[in-house]
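The values are calculated or read from the model by the stated rules, or taken from the named source; none is laboratory data. This is a predicted model, so every value here is computed, not measured. Cβ placement follows ideal geometry from the backbone for every residue including glycine, while neighbour counts extend to all protein chains displayed. The accessibility values were calculated without ligands, DNA or RNA, using every heavy atom of the protein model including side chains. Shrake-Rupley method; radii C 1.70, N 1.55, O 1.52, S 1.80 Å.
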Amino acid sequence: MDTVQAIIQQQIEAGTFLQSVQQGQQAQEQDYQDEEYEDEDGTYKGKRSNTLPIWGNQVTMNLNTLVLENIRESYYYKNNLIEIDSFQALVEQIFYQVKHLEPWEKGTRRLQGMTGMCGGVRGVGAGGVVSSAFCILYRLFNLRMTRKQLISMLNSRQSVYIRGIGFMYIRYTQPPSDLWYWLEPYLDDESEIDPRSGGGDCMTFGMMVRTMINKLDWYGTLFPRIPVPIQKEIDEKFAERKKQQLLEDEEWQAEELAQQQAPEEKPKESLPKVSRCKHHLRHHHCRKHRKVCPTKAKRLREEKERENKNKNGDVIVGQ
């Protein structure tokens, strides 16, 4: 058990976990209260509204008919979740109840002998026991989460499934044109999650995000279809991103090779890559950090180059 899990366990035993969740949500909302955004060229476009748009069906959340009917008829949804009207309380439900991100509980859906319409969208009994993850996901949709609340879920450290449901909410409800804005900063996230019921399919969040963007199937159900023009734009951005990463890797390999060929020189201290900044990964929505972080890395690199020139006997202007 790591430090974060130990602290959470202590809070649960002391009965202060929900209070800590509320404090964390308030702190993160304060961090993002002045959220601003730019276009791809870096042009300032103003502040984003805290009200999230809903794409597609405003009632069904674009869910499969069979999954939706099982959610509405679920004992857990009708007798527990329907009475919860607080975002913090739903986050607590995720922490206690969610152990996977599949639509069905393991071993509860049997399609043997079901043919035609009986195995498709009719009868609630044909589906099985719908998972707590999808029940809570649909309840969050009915409560209409705000942008600040969704961002706090994506960056949560209390449970990987809080983050996972946040990403699923994006995939089901947000406009396809906004998917890259939401998901691209997490493509290199190395934190791990196991979304399969019963385990056995461990993956990083980066892998999960790629799956959500590039595939429609999600453990027996389907995500909303992305329009072809937008999917082409996303594929092009993937290609550009891969090209940029290859160029960065070549630059760093060239630096390492140069150090190996000149062993008498003191090896250069490694500098952080701007695109791999872990702090930037968790706070990518903060415009202030997007401005400061690359500038700081560039300044450190320039200072290191001046120091190397000075050691090699080059004259620096102004000295």
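Subtracting the Cα-Cα distance from 0.36 nm times the residue separation, let me have the gained length for residue 244 to residue 51 in nm, one decimal.
Here the answer is 66.1 nm.
Leaving ligands, DNA and RNA out of it, rank 202, 135 by accessible area with a 1.4 Å probe, largest first.
Largest accessible area first, the list is 202, 135.
Considering only protein heavy atoms, what is the solvent-accessible area of residue 228 at a probe of 1.4 Å, reported in Å² to the nearest 10?
Surface accessible to solvent at residue 228 totals approximately 100 Å².
Give me the net charge for the shell around residue 171: Cβ to Cβ below 14 angstrom, other residues only, Lys and Arg +1, Asp and Glu -1.
With Lys, Arg at +1 and Asp, Glu at -1, the neighbours total +1.
What whole-number value in Å² describes the accessible area per residue of segment 167-254 for a 1.4 Å probe?
Normalised by residue count, the accessible surface of segment 167-254 is 50 Å².
Using a 1.4 angstrom probe and counting only protein chains, how large is the accessible area of residue 78 in Å², to 10?
That residue has around 100 Å² of solvent-accessible surface.
Given a cut-off of 26 Å, name the pairs among 215/243; 106/242; 78/106; 237/298; 106/237; 106/232 whose C-alpha atoms lie farther apart than that in the structure shown.
In this structure, 106/242; 106/237; 106/232 exceed 26 Å between Cα atoms.
Place a +1 charge on the Cβ of each Lys and Arg in segment 145-212 and a -1 charge on the Cβ of each Asp and Glu, then give the dipole magnitude about the Cα centre in debye, rounded to the nearest 20.
Roughly 320 debye for segment 145-212.
Quick one: Karplus J couplings for segment 171-182, per residue in order, coefficients 6.51, -1.76, 1.60, θ = phi - 60°, nearest Hz, x for Gly and Pro?
Using θ = phi - 60°, the values come out as 5, 7, 10, 8, x, x, 5, 9, 4, 5, 4, 6 Hz.
Could you tell me which of rounded, prolate or oblate describes segment 162-262, using a ≥ b ≥ c as the square roots of the eigenvalues of the alpha-carbon gyration tensor, with rounded for a/c under 1.5 and, failing that, prolate when a/b is larger than b/c and oblate otherwise?
Because a/c hits 1.5 or more and a/b fails to exceed b/c, segment 162-262 counts as oblate.
Return the FRET efficiency for the residue pair residue 79, residue 216: r is the Cβ-Cβ distance, R0 is 45 Å, and the value is rounded to the nearest 0.05.
0.90
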